[in-house]
Amino acid sequence: MKKLVLRYRTFLLLFIFLIGTSIFYPDIGRSSVNNIWSNVKEMLGVIPPVFVLLGLLDVWVDRQTMMKYTGSGSGLKGVLIAFVLGSAAAGPLYAAFPVAAMMLKKGSSIYNVFIFIGAWSTTKIPMLTFEASGLGVQFMVVRLGLSILGILLIAAGIDRILSVEEKNKIYQMNQENSKIAVKN
């Protein structure tokens, strides 16, 4: 029981805070519960399809193929694949992290995983079409170009800053967490 409480202590503290807020400030408490419920509904609409796709990716794409196309020796091809995967994805950023974990599990380079996450967060195709129609093509092209440059620089910087031991630790932690997830 103690282990369970420690694991979910942040949730429990926030839940107690929500109850206290609801007692002393009912309007704010009601608004908070409505926001929480809205977020839960959104997550329930996004997370199950992501996990179905992850299951298919895990079964259909073997580790050697993923390493070949997005691993440390993949070069420009790996960068382009990571960009396309991230840009074509739909859904909020929190849905990208399980996909990134699967990419690490399958042997993608940390550099390409950061490119994937950066592309997911800033270069989505629907967002580009919205920008082009609402703010103009010139704005969209400039923002896209700067975003791509920023993604490449940040991914390269992080890849360079991390030592080989730190990268290996990231891969190891990812493998351990995927084993824990399978057990639960």
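Quick look at the values:
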read-out	value
Built amide H within the under 5 Å cut-off of Ser74, gap 5+	none
Length released on extending from Ile161 to Gln64, taking residue separation times 0.36 nm less the Cα-Cα span	32.3 nm
Under Karplus coefficients 6.51, -1.76 and 1.60, residue-wise ³J(HN,Hα) of region 160-166 in Hz, glycine/proline x	6, 5, 6, 7, 4, 5, 5
Assigned charges on the beta-carbon of Lys, Arg, Asp, Glu; region 47-135 dipole about Cα centre (debye)	220 debye
Estimated [θ] at 222 nm from DSSP helical runs (n ≥ 4, -39500 (n - 2.57)) normalised by residues in the chain, nearest 500	-28500 deg cm²/dmol
Cα-based Rg of the chain normalised by 2.2 N^0.38 Å, two decimals	1.25
Karplus 3J(HN,Hα) series, Hz, for region 148-159 with 6.51 cos²θ - 1.76 cosθ + 1.60 (x for Gly, Pro)	4, 4, x, 4, 4, 5, 5, 4, 5, x, 5, 4
Set Lys106/Lys169; Lys2/Lys41; Lys68/Lys106; Lys124/Lys167; Lys106/Lys167 screened for pairs whose C-alpha atoms are more than 21 Å apart	Lys2/Lys41; Lys124/Lys167
3J(HN,Hα) from dihedral phi, region 132-143, Karplus parametrisation 6.51/-1.76/1.60, rounded to Hz, x for glycine, proline	5, 6, x, 10, x, 5, 4, 4, 4, 5, 5, 5
Heavy-atom accessible area ranking, 1.4 Å probe, most first, across Leu144, Leu44	Leu44, Leu144
FRET efficiency estimate (nearest 0.05) - Cβ-Cβ, Ala90 to Ile23, R0 41 angstrom	0.55
Gln172-Glu131 pseudo-label distance in nm [points 7 Å out on the Cα-to-Cβ vector]	4.0 nm
Mean projected area in nm² (Cα convex hull; one quarter of hull surface) for region 88-184	6.8 nm²
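The values are calculated or read from the model by the stated rules, or taken from the named source; none is laboratory data. The shown structure was predicted, so the numbers you read here are calculated from the model rather than taken from an experiment. Glycine also receives a Cβ, built like all others from the backbone with ideal geometry; neighbour counts cover every protein chain displayed. Just the protein is used for accessible areas: all its heavy atoms, side chains included, with ligands, DNA and RNA removed. Shrake-Rupley method; radii C 1.70, N 1.55, O 1.52, S 1.80 Å.
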